[in-house]
Amino acid sequence: MGKDVIIACDFPSAEQTLAFLDRFTGRKPFVKIGMELFYAAGPDIVRQIKSRGHKIFLDLKLHDIPNTVRRAMAVLSNLDVDLVNLHAAGTAEMMKAALDGLTRPDGTRPLLIAVTQLTSTNQEALEHELLIEKPIDEVVMSYAENAKKSGLDGVVCSPLEAEKVHARCGENFLTVTPGVRFADGDRGDQKRVMTPAQAKEIGSDYIVVGRPITQAQDPVAAYERCCREFIG
Ligand code: C5P
């Protein structure tokens, strides 16, 4: 599996997203479409971006009963996206149903990765709201192992966890890591960050980069810098 930089297209409309992507006249970046854009612009924005030659990570984090997730994943698979995700908290039964729904009649399917614990959830919320008493690191690793056992391809995780996930789940288990900033860049609201070069060093498979590219003066130059530092 080749390393790649995924641009988080966190824009509120199709127009803004397409205007942003118009700048990329050379190499077509791998693009992440999240809830904001998908709920605003619907499946049509996925088809449009795909038809322009981009790979797509559809970041909708499904979490529902297994039958509903199976059926929803079949619809997403028909959209011909490359990477989709769900919450590992939905259990192994839900993750297996998701894989089943994603698999097309010819046996192909988009890659499927799991969110373990959101980085916005801390130990306090885990213990007092979710009533999970184990240390959060242990919970993250256990959910990653459960995703692996269920047949998933990887997890979304902090770059700081990527090495540990590979050690527990194998080198081929994908780590897709947000929280990336240039050494000389603005951190924004991200607290635990790594540079693209550091993410490469610790073995991240894909980095997800939003504002350091989308808000840059020259987004294409920022994307190319990211690729140079991360892929080489
Ligand atoms: O702009 P920035 O580079 O911080 O964007 C990171 C992207 O990755 C956003 O779409 C954000 O929602 C997503 N993400 C994250 N941290 C997680 C999971 C997803 O930043 N733990």
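The numbers here are math on the coordinates, done by the rules we state, and not lab data. All values derive from a computational prediction rather than experimental measurement. Here the Cβ is made from the backbone with ideal geometry for all residues, glycine too, and neighbour counts use every protein chain on show.
For segment 107-226, what is Rg from Cα atoms divided by 2.2 N^0.38 Å, rounded to two decimals? That works out to 1.15 for segment 107-226.
When Ile231, Ile33 are arranged by Cβ crowding within 10 Å, least crowded first, meaning fewest neighbours, the order is Ile231, Ile33. Segment 199-231 to segment 54-72: how many Å between their Cα centroids? Measuring centre to centre over Cα atoms gives 26 Å.
Under a cut-off of 24 Å between alpha-carbon atoms, report the lysines in cross-link reach of Lys200, not counting same-chain residues fewer than 8 places apart. Partners within reach: Lys3, Lys28, Lys32, Lys55, Lys148, Lys164, Lys191.
By the gyration tensor of its Cα atoms, with a ≥ b ≥ c the square roots of the eigenvalues, what is the shape of segment 4-230: rounded for a/c under 1.5, prolate for a/b over b/c, or oblate? It is oblate, given that a/c is not under 1.5 and a/b is not larger than b/c.
Distance between the C-alpha centres of segment 140-193 and segment 1-40: 21 Å, rounded to the whole angstrom. Looking at segment 119-192, the trypsin sites (Lys or Arg not before Pro) that sit in a DSSP loop and have at most 13 other Cβ atoms within 10 Å of their own Cβ are Arg187, Lys191, Arg192. Along the axis of the charge dipole computed for the chain (Cβ charges of +1 for Lys and Arg, -1 for Asp and Glu, origin at the Cα centre), the listed residues Met94, Gln198, Val46 are led at the positive end by Val46. Could you compute the longest span of the chain free of GluC sites (Glu not before Pro) located in DSSP loops and having at most 14 other Cβ atoms within 10 Å, not counting the site residues? That would be 1-128. In this structure the amide hydrogen of Val115, modeled in the peptide plane, comes within under 5 Å of the amide hydrogens of Leu86, His87, Ala88, Val156, none closer than 5 places in sequence on its chain. Rounded to the nearest 20 debye, the dipole size of segment 1-71 about its Cα centre is 400 debye, using +1 on the Cβ of Lys and Arg and -1 on the Cβ of Asp and Glu. Note on segment 4-230: with charges restricted to the Cβ of Lys and Arg (+1) and Asp and Glu (-1), its dipole about the Cα centre is near 620 debye.
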